[in-house]
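To start, the structure itself, in structure tokens.
Bear in mind these aren't lab numbers, they're just calculated from the coordinates by the rules spelled out. The shown structure was predicted, so the numbers you read here are calculated from the model rather than taken from an experiment. Methodologically, a virtual Cβ is constructed for each residue, glycine included, from the backbone with ideal geometry; neighbour enumeration extends over all protein chains shown.
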Amino acid sequence: MSELKIGRVLGASLQQAINDLMPTRVEFYETWLTAERIRQGELGRARVAAVISFLRQEGAEYDAIVDRAGRYAADWMVDALPVVGRALLHRLPRPIRVRVVLRLAARMIRGLHDDGRLRALVRRGTAVVTLEGSLFCDVREPVGAPLCRFYGAVLARCLESFGMSARVQLSRCRATGDGTCEFIIHIGGRETRPSARHG
């Protein structure tokens, strides 16, 4: 079986978030995560899994790092979309826009690592999103809190990028013993301006 393909954006977003929030730990994480490896597409599952495993041991920093990394990943993937396509998406009626953006986010997550599969059900301003293949939730033993905040940040940021506020609740997580990861997304009723980029 071939090794899971890891997209460059995933490695780059983790690297940038670590640089931003834990600058004193950058040298340690460069054992697995270097700009050259990311650029050449040489990041495999083992390297990224090692980074994620060590990040979990950083305590409260884990959530901050993976949240920021998810937002970076979404920003970069949205910025890479054709300008005309982005403009047309902004003009769609809001209920349709929600569904299209979530389909777009599903495709983006599949591009981050090729076993990520996302399904969404939207009803009256609330989306229930299930994710199979969460790279962040591969653990030997169940843990006490969800570990899939990265994906929640990607979903929220994608919606925000197209003018919709989003509050994401992690309702189920494979790392805590559930069969799959699940997010409940409460989508605000008012149009918003895309929030400022990090950096």
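Short version: what are the Cα gyration tensor semi-axes of the chain, square root of 5 times each eigenvalue, largest first, in whole Å?
Working from the Cα gyration tensor, I get semi-axes of 27, 19, 16 Å.
Given the C-alpha centroids of the range 137-155 and the range 1-50, what is the distance between them in whole angstrom?
Answer, in whole Å: 18.
For an R0 of 30 angstrom, estimate the FRET efficiency from the Cβ-Cβ distance between residue 31 and residue 121 and round to the nearest 0.05.
The value I calculate is 0.15.
With point charges of +1 on the Cβ of Lys and Arg and -1 on the Cβ of Asp and Glu, referenced to the Cα centre of the range 1-157, which listed residue (31, 54, 12) lies farthest in the positive direction of the dipole?
Sorting the options by dipole projection puts first 12.
Evaluate the charge dipole of the chain about its Cα centre and quote only its size in Debye, nearest 20, assuming +1 on the Cβ of each Lys and Arg and -1 on the Cβ of each Asp and Glu.
Dipole of the chain, to the nearest 20 debye: 1080 debye.
Which of the peptides 128-136, 83-91, 16-24 is most tightly packed, and how do the rest follow, judged by the mean count of other Cβ atoms within 10 Å per residue?
Ranked from most to least packed, the peptides come out as 128-136, 16-24, 83-91.
Mind pulling the angle between the C-alpha long axis of helix 61-79 and the longest principal axis of the chain? Nearest 10 degrees, somewhere in 0 to 90.
50 degrees
Quote the charge dipole size of the range 1-115 about the Cα centre in Debye, to the nearest 20; the model charges only the Cβ of Lys and Arg (+1) and of Asp and Glu (-1).
So the dipole magnitude of the range 1-115 works out to roughly 820 debye.
State to the nearest 20 debye the size of the charge dipole of the range 13-65 about its Cα centre, where the only charges are +1 on K and R beta carbons and -1 on D and E beta carbons.
Dipole size: approximately 240 debye.
How far is it, in nm, from the label point at residue 21 to the one at residue 90 when both lie 7 Å from their Cα along the line to the Cβ?
In this crude label model, residue 21 to residue 90 measures out at 2.9 nm.
Ranked highest first by the average count of other Cβ atoms within 10 Å around their residues, in what order do 108-119, 65-76 fall?
Order by mean packing, descending: 65-76, 108-119.
With an 8 Å Cα cut-off and a minimum separation of 6 or more residues, compute the relative contact order for the chain in percent.
Over the chain, the number comes to 20 percent.
Would the range 1-103 count as rounded, prolate or oblate if I go by the C-alpha gyration tensor, calling it rounded below 1.5 in a/c and otherwise prolate when a/b exceeds b/c, oblate otherwise?
prolate
Give me the one-decimal nm value for the distance between modelled label points at residue 58 and residue 107, 7 Å along each residue's Cα-to-Cβ direction.
Result: 3.1 nm between the two label points.
Using the Cα centre of the range 55-199 as origin and beta-carbon charges of +1 (Lys, Arg) and -1 (Asp, Glu), tell me which of 121, 146, 156 is placed farthest towards the positive end of the dipole.
Of the listed residues, the answer is 121.
Mind checking which of 64, 78, 40 is farthest towards the positive end of the range 17-130's charge dipole, using Cβ charges of +1 (Lys, Arg) and -1 (Asp, Glu) about the Cα centre?
Of 64, 78, 40, it is 78.
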